[in-house]
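Report on one structure; see the data block that follows.
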Amino acid sequence: MSRVYQPSDHVVEKSRLSSFDKYKEMHKKSLEDPETFWSEIANEFHWQTPYQPGNFLSYNFDVNKGDIFVKWLEGSVTNICFNLLDRNVRNGHGEKIAYYWEGNHPDDYSRITYRKLMDLVCQFANALRDSGVGKGDRVSIYMPMILETVVCMLACARIGAVHSIVFAGFSSDSLAERLSDCKAKVLVTADGAWRGEKLLILKNVCDEALEKAKTKYNHSVDLCIVVAHLNRVTACGKLPDDVKTLYKWHDRDIWWHDLVEGQSNICPPEWMDAEDPLFMLYTSGSTGKPKGVLHTTAGYLLYATATFRYVFDYQEKDIYWCTADVGWITGHTYVVYAPLANAATSVMFEGTPFFPDNDRYWSLVDKYNVTQFYTAPTAIRALTKFGDDYVKRHNMKSLRVLGSVGEPINPEAWLWYYNLVGSGRCSIVDTFWQTETGGHVLTSLPGATPMKPGAAGFPFFGVEPTLLDENGKVIEGPGEGYLVFSRPWPGIMRTLFGDHERYQKVYFSKFPGYYCTGDGARRDEDGFLWVTGRIDDMLNVSGHLMSTSEVESVLTEEPRVSEAAVVSKPHPIKGESLYCFVSLNDGAKFDASLVDALKKLVRSRIGAFAAPDVIQYAPGLPKTRSGKIMRRILRKVALGDTDIGDTSTLADPAVVDDLFKNRPK
Ligand code: WT7
């Protein structure tokens, strides 16, 4: 039995939801009467056309009853950008800081008010409109963590264009595939950025990607907007006298500052239907091809707003900081949309936790008096390694809520976070959610719910989790099974861009009537939910989801490789890591140069974060008589655990000995 931590007085005193009973009562209400619950939040926003009573929610979650659909507040008309900026300025928040921006180098920092942000967004929105971008057009974004990224997202939202951000750590191949899949009209990037002492020339990745989009997928992007970032920040390593020698310039390229020059800071918003698309974001799929998760307008706004308010317990004067990159869903919802919808003040950080030293996070908590700090278990584990002194050097008394996201947090990391970072008096919110869910779906709530180290906790308002066994039977009370949801909350994805079939198949066909997360979960005697990890062929490396088949198909591109199988191996910092087995074609030799070539190939096809930890030679792979690879056995080999269990279904049991013999030392 793990210990239960009750919220401390420090948290409860301030909390807008100060008891477990209150949470339970509100959760019950949110399920019994969604309209009353959500319309209270909807009423805070501006609606050009308010929703019509009776049209609050309609949906079908059952593939046997027809197409899957989810519609919230159908018929209402609004604009998210208007609600995040103009509405807040009108409500007297014009001079409030929206973001404290902190650069990679500690000498680089700035701040921006709501009014100034609105001006910049309007100017850029006008520039996009003048460039021929309109409602429904896709704008791809490949950017570092700078204010222009937020400006660009909100400018898209203002004119009804759909942004598609690609994390600026993806390779040019990955970017090319995503640019062409969504048929992007424009690409927005920066010349480059520093990550620690490493210089990334983003413009070059974009140039390669644009070229590949044209030759490989026959998709041309005619406009590439480039932020000149390198010359305005402190160099953290060697840089040529003229940064412009680092990349080439093409006819399609235009500097951001040239494009916005002379643009008015008044820009009428495009009024959007509740279910009009807001943005799309690619996430890995178990078949390899990325899935363009699509989120829409009204429901996403309500859900982002509510989760932020209750999960982080954000209050008027708080300073909130989410360390996630905007390239992931956490950055979309909890760096941009949700904090701005709540008129919050946030920190936006361009750099890494390790530069110039391993206390950068803690020094920023101290510098900005951060009240809510939201990061990933992989970062916490990496920082734990450097010892407690880095934390103790800084005054972090401002903290009240500590968040975790991306993967299950191991109790050891949880306790370090709780005791050392939070001085034993902050609430930890372990937020379980997905690109697809739009916002938190399982979590603890500061002040209200008790916590157990490693447990995600309880459903957010409007969310009804269910555990199912393999046969689709509902598991009541304590037990473990597939984590599914039996009804839509406002922030759930509506479709996969251009592929509604796949949406229905991936998320709704395994258990008709339910949205299937692809994760397993356990409910304990006290009703806490523990997410146990993926149950499909996906793995989670440092909080980045990827599919084993995606990596396998890259490995087999190498001419010497005949077959590849990838499994996940637990990793002390990354959570999971990639352990790859490769069989070779006749005559090919397994040596260091091949291993090197394969690692490079994966980096260049997918991105550096997908680089395999181990590549092992496999003269044969363990297969069933029907030819299915038995990954269960490969996982044991990866661990060096010879207790492999039943092998009676193996076609050739001898391959297993070879696999153990070939384990790299
Ligand atoms: C997958 C979704 C949602 C933001 C970041 C990842 C895993 C996420 C938790 C958590 C246990 C978690 C799940 C999920 N996951 N948060 N608190 N506890 N597992 O977004 O890339 O769409 O990944 O991340 O496996 O399905 P994503």
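The values are calculated or read from the model by the stated rules, or taken from the named source; none is laboratory data. Small disclaimer: the values here were computed from a predicted structure and weren't measured. Cβ sites come from the backbone with ideal geometry, for glycine too, and all protein chains shown count toward neighbours. Just so you know, the surface numbers come from the protein's heavy atoms only, side chains and all, with ligands and any DNA or RNA stripped out. Shrake-Rupley method; radii C 1.70, N 1.55, O 1.52, S 1.80 Å.
Checking region 566-575 against the condition returns no match, with no residue being in a loop (DSSP other than H, G, I, E, B) and without any contact (Cβ under 8 Å) to a residue 60 or more places away in the chain. Look at residue 266 and say whether it is part of a strand (DSSP E or B), modelled with pLDDT of 95 or more and either more than 16 Å from the ligand (Cβ to nearest atom) or open to solvent by 10 Å² or more (accessible area, probe 1.4 Å) (or both). In short, no. Annotation: of all residues in region 123-177 being of a type in the set (Asp, Glu) and within 16 Å of residue 497 (Cα to Cα), the one that is surrounded by the fewest Cβ atoms within 10 Å (Cβ to Cβ) is 137.
Residue by residue through region 293-332, note down the ones that are of a type in the set (Phe, Trp, Tyr), away from the ligand (no atom under 12 Å from the Cβ), closer than 25 Å to residue 167 by Cβ and part of a loop (DSSP other than H, G, I, E, B). Of everything in region 293-332, just one residue is of a type in the set (Phe, Trp, Tyr), away from the ligand (no atom under 12 Å from the Cβ), closer than 25 Å to residue 167 by Cβ and part of a loop (DSSP other than H, G, I, E, B), namely 312. Apart from one condition, residue 91 fits all of (1) assigned by TED's automatic domain parsing to the domain that holds residue 510; (2) in a helix (DSSP H, G or I); the exception is (1). Look at (1) at pLDDT 95 or above; (2) touching a helix residue (DSSP H, G or I) at 6+ places or on another chain (Cβ under 7 Å); (3) farther than 19 Å from residue 173 by Cβ and you find that residue 595 fails only one, number (2). The residues on offer are 539, 555, and the sole one that is more than 16 Å from the ligand (Cβ to nearest atom), open to solvent by less than 60 Å² (accessible area, probe 1.4 Å) and either within 22 Å of residue 521 (Cα to Cα) or outside the structural domain of residue 506 (by TED's automatic domain parsing) (or both) is 555.
Within region 610-619, is there a residue that is in contact with a Phe, Trp or Tyr (Cβ under 8 Å, 6 or more places away or on another chain), among the charged types (D, E, K, R) and part of a strand (DSSP E or B)? Taking every residue of region 610-619 in turn, none turns out to be in contact with a Phe, Trp or Tyr (Cβ under 8 Å, 6 or more places away or on another chain), among the charged types (D, E, K, R) and part of a strand (DSSP E or B). Restricting attention to region 15-50, the residues being open to solvent by 50 Å² or more (accessible area, probe 1.4 Å) and not in a helix (DSSP H, G or I) number 8. Only one of the numbered conditions (1) modelled with pLDDT under 95; (2) touching a helix residue (DSSP H, G or I) at 6+ places or on another chain (Cβ under 8 Å); (3) not charged (D, E, K, R) is violated by residue 351, and that is (1). Could we say that residue 349 is touching a Phe, Trp or Tyr at 6+ places or on another chain (Cβ under 9 Å), within 26 Å of residue 7 (Cα to Cα) and crowded, with 24+ Cβ neighbours inside 10 Å here? Criteria not met by residue 349. For residue 409, are the conditions met, namely being at pLDDT below 95, in contact with a strand residue (DSSP E or B) (Cβ under 8 Å, 6 or more places away or on another chain) and either under 18 Å from residue 514 (Cα atoms) or within 12 Å of the ligand (Cβ to nearest atom) (or both)? In short, yes. Return the residues of region 380-417 that are open to solvent by 20 Å² or more (accessible area, probe 1.4 Å) and part of a helix (DSSP H, G or I); say none if nothing qualifies. Listed by number, the residues that qualify are 381, 384, 389, 390, 392, 411, 412, 415, 416.
Only one of the numbered conditions (1) in contact with a Pro (Cβ under 8 Å, 6 or more places away or on another chain); (2) at pLDDT 95 or above; (3) of a type outside the set (S, T, N, Q); (4) surrounded by fewer than 19 Cβ atoms within 10 Å (Cβ to Cβ) is violated by residue 72, and that is (4). May I ask you to list pairs of residues, at least six apart or on different chains, whose Cβ atoms are under 6 Å apart, with the first in region 641-652 being within 15 Å of residue 628 (Cβ to Cβ) and the second being assigned to a loop (DSSP other than H, G, I, E, B)? Cβ pairs passing all conditions: 647/653; 650/622; 651/625. Taking the stated definitions as given, is residue 371 within 15 Å of the ligand (Cβ to nearest atom) and touching a residue at least 12 places away in the same chain (Cβ under 8 Å)? When the stated conditions are applied, residue 371 does not pass them. Go through region 200-217 and report how many residues are in a helix (DSSP H, G or I), open to solvent by 40 Å² or more (accessible area, probe 1.4 Å) and under 18 Å from residue 608 (Cα atoms). Going through region 200-217 one residue at a time, the tally reaches 2. Considering 608, 597, 592, the condition of being surrounded by fewer than 19 Cβ atoms within 10 Å (Cβ to Cβ) and either farther than 25 Å from residue 284 by Cβ or assigned by TED's automatic domain parsing to the domain that holds residue 283 (or both) is satisfied by 592 alone. Look at (1) at pLDDT below 95; (2) surrounded by fewer than 23 Cβ atoms within 10 Å (Cβ to Cβ) and you find that residue 546 fails only one, number (2).
Being more than 14 Å from the ligand (Cβ to nearest atom), within 30 Å of residue 341 (Cβ to Cβ) and touching a residue at least 40 places away in the same chain (Cβ under 8 Å) is a property that residue 378 lacks. Figure legend. Inter-residue proximity from region 158-174: first residues over 18 Å from residue 545 (Cα atoms), second residues part of a strand (DSSP E or B) and of a type outside the set (Lys, Arg), beta-carbon distance below 6 Å, spacing 6+ or different chains. Indicated pairs: 160/272; 161/139; 162/277; 162/279; 162/280; 163/139; 163/141; 163/279.
Residue count for region 420-450 under the criterion of being under 12 Å from the mean Cα position of the chain (by Cα) and open to solvent by 10 Å² or more (accessible area, probe 1.4 Å): the result is 5. In the set 532, 517, only one residue is surrounded by fewer than 19 Cβ atoms within 10 Å (Cβ to Cβ) and within 14 Å of the ligand (Cβ to nearest atom); that residue is 532.
Looking at region 475-496, can you tell me whether even one residue there is over 27 Å from residue 525 (Cβ atoms), open to solvent by 10 Å² or more (accessible area, probe 1.4 Å) and in the same structural domain as residue 525 (by TED's automatic domain parsing)? Yes; the residues of region 475-496 include at least one that is over 27 Å from residue 525 (Cβ atoms), open to solvent by 10 Å² or more (accessible area, probe 1.4 Å) and in the same structural domain as residue 525 (by TED's automatic domain parsing).
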